[in-house]
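Heads up, the thing below is written out as structure tokens.
The values are calculated or read from the model by the stated rules, or taken from the named source; none is laboratory data. What you see is a predicted model, and the numbers here were worked out from it, not measured in a lab. Note that we place each Cβ from the backbone using ideal geometry, even for glycine, and neighbour counts take in every protein chain shown. Note: areas computed on protein heavy atoms with side chains; ligands, DNA, RNA excluded. Shrake-Rupley method; radii C 1.70, N 1.55, O 1.52, S 1.80 Å.
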Amino acid sequence: MNYREKLKDKKRIVIKIGTSSLTHPETGRLNLRKLEVLVREIGDLHNQGKDVVLVSSGAIGVGAAALGMNGKPAELEKKQACAAVGQARLMMIYQKLFSEYNQMAAQILMTKNTMVDNLNRKNAKNTFEELLKLGAIPIVNENDSVSTYEIQFGDNDTLSAVVAALIGADLLILLSDIDGLFTDDPNRNPDARFIDVVENLDSHFLNMGKASTGSKVGTGGMATKLTAAEIATAAGTDMVIANGEDFHVIHKIIEGRNQGTLFVGHPREEFYLIDYIEKLL
């Protein structure tokens with residue numbers, strides 16, 4: 001069965017971008033040229049009649065650069081201050097770029113409490129549905145400036161999978177600084193083989209997510225991406241992990257080309273999102 005071919009028909013797509021894909025490594029400031037491509041790619045998907053949600057990291061990093069800090073701070077209060085400055089800057093640039101392509105961007109900030117509380121979760125779902133119905137592109141991040149344990153343990157890989165499950169997305173694309181899933185860490189083992197498609201995410205694959213990440217600026221290694229895959233596929237969402245070096249990869253994935261690792265969604269009858277979230281707390 002050609003799973004890639006089916007990606008062309010996806011109607012509701014969540015795209016997650018890691019900090020390292022958005023910023024210049026030397027300064028930590030936003031890479032505007034890349035952002036321009038990202039916005040154009042998403043705007044074009046939207047023009048095709050698809051619902052698109054963007055889960056964007058980068059608030060703390062952007063805030064730290066704006067406040068003249070050298071890299072991300074370690075102290076929680078400083079991280080929260082950076083998030084407050086950086087989130088506003090990030091949204092200002094997203095709003096500006098999306099408006100250049102006649103697209104409407106909206107901001108949604110979430111914490112794990114948004115999802116654990118039944119009423120909050122229902123409200124969040126309704127907000128997403130209404131925004132998508134009105135033709136907006138929701139931009140999601142964790143509400144880092146007021147939350148505590150989210151910054152310490154949270155990551156947007158998991159958040160994007162939770163959002164995908166919440167809104168019934170049929171495709172989740174995780175873009176970061178890795179090409180996809182390998183049989184071993186390719187940075188250390190030259191014989192590591194690339195895995196093109198994962199039809200069934202079993203313990204064999206989950207064990208591959210040793211806490212390795214090539215990035216010093218993001219929070220998510222391969223382990224968090226496989227946790228995301230576990231949530232997304234159980235909810236019936238296909239998921240692709242691909243390299244965010246060039247955001248043109250987005251339309252290539254949707255066109256069914258061989259980019260990244262594809263995890264095939266298998267909806268589980270007993271899937272209950274809240275169970276997965278509570279496991280993470």
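One residue stands out among those in region 1-58 that are more than 15 Å from the chain's Cα centre (by Cα) and among the small types (G, A, S): the one that is least open to solvent (accessible area, probe 1.4 Å), which is G43.
The single condition among (1) of a type in the set (V, I, T); (2) out of contact with any Phe, Trp or Tyr (no Cβ under 8 Å at 6 or more places or on another chain); (3) closer than 21 Å to I167 by Cα that I241 does not satisfy is (2). Taking the criterion of being assigned to a loop (DSSP other than H, G, I, E, B) and farther than 20 Å from G58 by Cα, the residues of region 71-124 that qualify are Y101, N102, Q103, D117. In the set (1) open to solvent by 10 Å² or more (accessible area, probe 1.4 Å); (2) in contact with a Lys or Arg (Cβ under 9 Å, 6 or more places away or on another chain); (3) within 14 Å of L175 (Cβ to Cβ), G61 fails one condition alone, (3). A search for C-beta distances below 6 Å between a residue of region 97-115 that is touching a residue at least 12 places away in the same chain (Cβ under 8 Å) and any residue that is aliphatic (A, V, I, L, M) and open to solvent by 20 Å² or more (accessible area, probe 1.4 Å), counting only pairs 6+ apart in sequence or on different chains, returns A106/L131. In summary, L90 fulfils each of the numbered conditions (1) of a type in the set (A, V, I, L, M); (2) surrounded by fewer than 19 Cβ atoms within 10 Å (Cβ to Cβ); (3) under 19 Å from G18 (Cβ atoms) with the single exception of condition (2).
So that you can scan it fast, the table gives a plain yes or no per residue for (1) acidic (D, E); (2) touching a strand residue (DSSP E or B) at 6+ places or on another chain (Cβ under 8 Å); (3) surrounded by 13 or more Cβ atoms within 10 Å (Cβ to Cβ):
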| site | (1), (2), (3) |
| --- | --- |
| T237 | no, yes, yes |
| D246 | yes, no, yes |
| V249 | no, yes, yes |
| K252 | no, no, yes |
| R257 | no, no, no |
| T261 | no, yes, yes |
| H266 | no, no, yes |
| Y276 | no, no, yes |
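In this entry, V14 is excluded by the filter for residues that are under 19 Å from L159 (Cα atoms), in contact with a His (Cβ under 8 Å, 6 or more places away or on another chain) and at pLDDT 95 or above.
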